1. Of all residues in segment 168-186 being open to solvent by 90 Å² or more (accessible area, probe 1.4 Å) and of a type outside the set (S, T, N, Q), which is modelled with the lowest pLDDT?
2. Looking at segment 103-137 only, could you name the residues that are among the β-branched types (Val, Ile, Thr) and within 13 Å of Asn88 (Cα to Cα)?
3. For residues in segment 141-167 being among the basic types (Lys, Arg) and modelled with pLDDT of 95 or more, which is surrounded by the fewest Cβ atoms within 10 Å (Cβ to Cβ)?
4. Just to be sure I understand the filter: pairs with C-beta atoms under 7 Å, separated by 6 or more residues or on different chains, first member in segment 87-108 and within 25 Å of Glu77 (Cβ to Cβ), second member surrounded by fewer than 24 Cβ atoms within 10 Å (Cβ to Cβ) and among the acidic types (Asp, Glu). Which pairs pass?
5. Restricting the first residue to segment 128-142 and requiring it to be part of a strand (DSSP E or B), which pairs with a second residue that is crowded, with 16+ Cβ neighbours inside 10 Å and of a type in the set (Lys, Arg) meet a Cβ separation below 8 Å and a spacing of at least six or different chains?
6. Go through segment 99-108 and count every residue that is assigned to a strand (DSSP E or B) and open to solvent by 10 Å² or more (accessible area, probe 1.4 Å).
7. Condition first: in contact with a Ser or Thr (Cβ under 9 Å, 6 or more places away or on another chain) and in a loop (DSSP other than H, G, I, E, B). Now tell me which residues in segment 150-167 satisfy that.
8. Can you tell me which residue in segment 45-89 is nearest to Thr102 (Cα to Cα), limited to those that are open to solvent by less than 30 Å² (accessible area, probe 1.4 Å) and in a loop (DSSP other than H, G, I, E, B)?
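The values are calculated or read from the model by the stated rules, or taken from the named source; none is laboratory data. All values reported here derive from a predicted model rather than from experimental measurement. As a convention, Cβ positions derive from the backbone with ideal geometry for all residues, glycine included, and neighbour counts pool all protein chains shown. Remember, those area values only see protein heavy atoms, side chains included, never the ligands or the DNA or RNA. Shrake-Rupley method; radii C 1.70, N 1.55, O 1.52, S 1.80 Å.
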Amino acid sequence: MEKFTPTFWLQRPIHWSLVFGLTSLLASCGYNDISIGPTSLNSRYTEEQPALSGNGRFLAFVSNRNGNQQLLVFDLERQLFIGTPGINRAETIAESPSLSYTGRYIAYLTSDQGRPVVALYDRATQQSQIVTPTYRGWVRKPNISPDGRYVVFETASRGQWDIEVLDRGPNIELDIPNGATVGSPP
């Protein structure tokens, strides 16, 4: 009769160099290298639809933090979130952001009485206004010019997707031409 001797996987010959190599690889690629949290750019929630300001300083994106979808603006230079009161309202969704050159103006898609509309947020006045209140059809994918004067978007008012260009007029205050950021001293 044969004698049975149990062997465990730890008793088998192991190529220790392979084990140490994989362990060090896993340790060097740990999640601690990426800053994750409520005050950092990355989180454990879905972040999507990024838009970068023309000067590369501000990043607007849609996040699912705090249990609801919201539009956030992050200052890449100072590594902090910028307050945008009025963009994220209860029972509305803000999405598809677009930033002017210095990030003063943010064009985005939101809803008004259950239908999508294009809104424009001014970070200097901290106010948002709907710029497409008279469009009967659906709108999507807003984009703002670097100076903040023109807003383009797609509309289905004629039964197909067309491109509309909205001129906000010559009397609006353009995005700050000298490159100073909103809220900086003169």
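1. Taking segment 168-186 and keeping what is open to solvent by 90 Å² or more (accessible area, probe 1.4 Å), we get 170-171, 173, 177-178, 185-186.
Adding the requirement that they be of a type outside the set (S, T, N, Q) leaves 170, 173, 177, 185-186.
Details: Pro170: 91, Glu173: 92, Pro177: 59, Pro185: 49, Pro186: 45.
Filtering segment 168-186 for residues that are open to solvent by 90 Å² or more (accessible area, probe 1.4 Å) and of a type outside the set (S, T, N, Q), the one modelled with the lowest pLDDT comes out as Pro186.
2. Scanning segment 103-137 gives Ile106, Thr110.
3. So in segment 141-167, the residues among the basic types (Lys, Arg) come out as 141, 149, 158.
Adding the requirement that they be modelled with pLDDT of 95 or more leaves 141, 149.
Working: Lys141: 16, Arg149: 18.
Checked segment 141-167; the qualifying residue surrounded by the fewest Cβ atoms within 10 Å (Cβ to Cβ) is Lys141.
4. Filtered contacts from segment 87-108: Ser100/Asp147; Tyr101/Asp147; Arg104/Asp122; Tyr105/Asp122; Tyr108/Glu95.
5. Sorted first by the residue in segment 128-142, then by its partner, the list stays empty.
6. Of segment 99-108, the ones assigned to a strand (DSSP E or B) are 99, 105-108.
Narrowing further to those that are open to solvent by 10 Å² or more (accessible area, probe 1.4 Å): 99.
Qualifying residue count, segment 99-108: 1.
7. Just the residues of segment 150-167 that are in contact with a Ser or Thr (Cβ under 9 Å, 6 or more places away or on another chain), to begin with: 151-153, 155, 161-164, 166.
Passing the criteria: only Trp161.
8. Within segment 45-89, the match that is nearest to Thr102 (Cα to Cα) is Ser53.
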